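Working notes for the structure below.
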Amino acid sequence: MSEFIHLKNEHEIAGIKKACAIYQALKTVCQTKDFLNWTLRDIDLFTKEFIEARGGKCVYHGYQGFPGYNCLSKNATIIHGIGTNNQIFNAGDKLTIDVGVGLDGFICDSAFTICTPPVTPALKKLCTITRQAIDVACAAIKPNHRVGTISHAIEQFVSSHGYQLLRDYGGHGCGLAIHEPPLILNYGQPESGPLLQPGMVLCIEPMVLEKNYQAKLAADQWSVVAIDQNQYVCHEEVMVLVTSDGCELLTS
């Protein structure tokens, strides 16, 4: 990423919001749909067809060679999973669906996690804390604060519950390209990094592990997988617009 941070104008914000509306509709459907025993490939194709039926396109497909349409990360896969035919969404599984929607040159990048019953109390708690970490992060977004303040807020909240955060990966700017500056790690020092300014569009995405943050790249060279697979992991992502007095959620 270059270091130039583009502040979005009203036209760009309106276009980004339209892309976000497609994501939001997809999320709503997926949260109530019964995907039990579906292959991850079929779930990926479902998301593709939903997006394309509304005039959008799957911007992850082909991005730096990514073979899927959206990222589907099951169980110990934290991020960037590929939906394949040999993976089944079974009872008790966790699945994060990370979606990239392109519409008329504007982009939405957000993610949500779904689980199939029975959901253990430990998994339910981890997913709840991950979602709450987004609320904590959003509360830290103020003009003239710095990006590190967001990172620090996420780290303090998640660690206070005894969980760990994936290293080296994080949130980022978005809207005109999939990944724009600034990089927003989920750990860091307060008041470090670039200044937050109205017009920034940011992706906030805590990646939380139950016991051990260490991860590796899988053989497919995309999926980021927990080394200790005897634990739960969760990833959630929202897009926000920095405003004059805080932030506006573009996805939720």
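Based on this model, can you work out whether ILE141 counts as surrounded by 20 or more Cβ atoms within 10 Å (Cβ to Cβ), assigned to a loop (DSSP other than H, G, I, E, B) and hydrophobic (A, V, I, L, M, F, W, C)? Don't jump to the end; show me each part of the working.
On the way: surrounded by 20 or more Cβ atoms within 10 Å (Cβ to Cβ): yes; assigned to a loop (DSSP other than H, G, I, E, B): yes; hydrophobic (A, V, I, L, M, F, W, C): yes.
It is true that ILE141 is surrounded by 20 or more Cβ atoms within 10 Å (Cβ to Cβ), assigned to a loop (DSSP other than H, G, I, E, B) and hydrophobic (A, V, I, L, M, F, W, C).
Could you list, in sequence order, the residues of segment 27-41 that are surrounded by fewer than 15 Cβ atoms within 10 Å (Cβ to Cβ) and either under 18 Å from the mean Cα position of the chain (by Cα) or closer than 27 Å to ALA218 by Cα (or both)?
THR28, VAL29, GLN31, LEU36, ASN37
Look through GLY170, GLY175 and report the one residue that is of a type in the set (Gly, Ala, Ser), free of Cβ contacts under 8 Å to residues at least 40 places away in the same chain, under 23 Å from VAL59 (Cα atoms) and surrounded by 22 or more Cβ atoms within 10 Å (Cβ to Cβ). It would help to see each step written out before you state the result.
Details: GLY175 fails: free of Cβ contacts under 8 Å to residues at least 40 places away in the same chain.
On inspection, the qualifying residue turns out to be GLY170.
Could you grab me the full set of residues in segment 216-245 that are under 18 Å from ILE184 (Cβ atoms) and surrounded by 15 or more Cβ atoms within 10 Å (Cβ to Cβ)?
VAL224, CYS234, HIS235, GLU236, GLU237, VAL238, MET239, VAL240, LEU241, VAL242
For the condition closer than 27 Å to ALA25 by Cα, buried (at least 23 other Cβ atoms within 10 Å of the Cβ) and free of Cβ contacts under 8 Å to residues at least 60 places away in the same chain, what is the one hit in GLY100, GLY92, GLY83? Can you show your working first?
Details: GLY100 fails: free of Cβ contacts under 8 Å to residues at least 60 places away in the same chain; GLY92 fails: buried (at least 23 other Cβ atoms within 10 Å of the Cβ).
Answer to the selection: GLY83.
In this structure, is LEU241 part of a loop (DSSP other than H, G, I, E, B) and in contact with a helix residue (DSSP H, G or I) (Cβ under 8 Å, 6 or more places away or on another chain)?
Against the criterion (part of a loop (DSSP other than H, G, I, E, B) and in contact with a helix residue (DSSP H, G or I) (Cβ under 8 Å, 6 or more places away or on another chain)), LEU241 does not qualify.
For segment 28-134, give me every one of the strands (runs of 3 or more DSSP E) that falls completely inside it and has 2 or more residues that are more than 24 Å from GLY162 (Cβ to Cβ) and at pLDDT 95 or above. Explain how you work it out, then say what you get.
Working: elements: 71-74, 77-79, 94-103, 106-115.
Ranges flagged: 71-74, 94-103, 106-115.
Given the structure, is ASN70 farther than 20 Å from GLU210 by Cβ, crowded, with 19+ Cβ neighbours inside 10 Å and among the polar types (S, T, N, Q)?
The answer is yes for ASN70.
List pairs: first residue in segment 202-231 and closer than 19 Å to ASN86 by Cα and free of Cβ contacts under 8 Å to residues at least 12 places away in the same chain, second residue among the hydrophobic types (A, V, I, L, M, F, W, C) and surrounded by fewer than 23 Cβ atoms within 10 Å (Cβ to Cβ) anywhere in the structure, Cβ distance under 7 angstrom, at least six positions apart or on different chains.
Cβ pairs passing all conditions: LEU217/VAL224.
The values are calculated or read from the model by the stated rules, or taken from the named source; none is laboratory data. Since the structure is predicted, the reported quantities are computational estimates derived from the model, not experimental observations. All Cβ positions, even for glycine, are placed from backbone atoms using ideal geometry, and neighbour counts span all protein chains on display.
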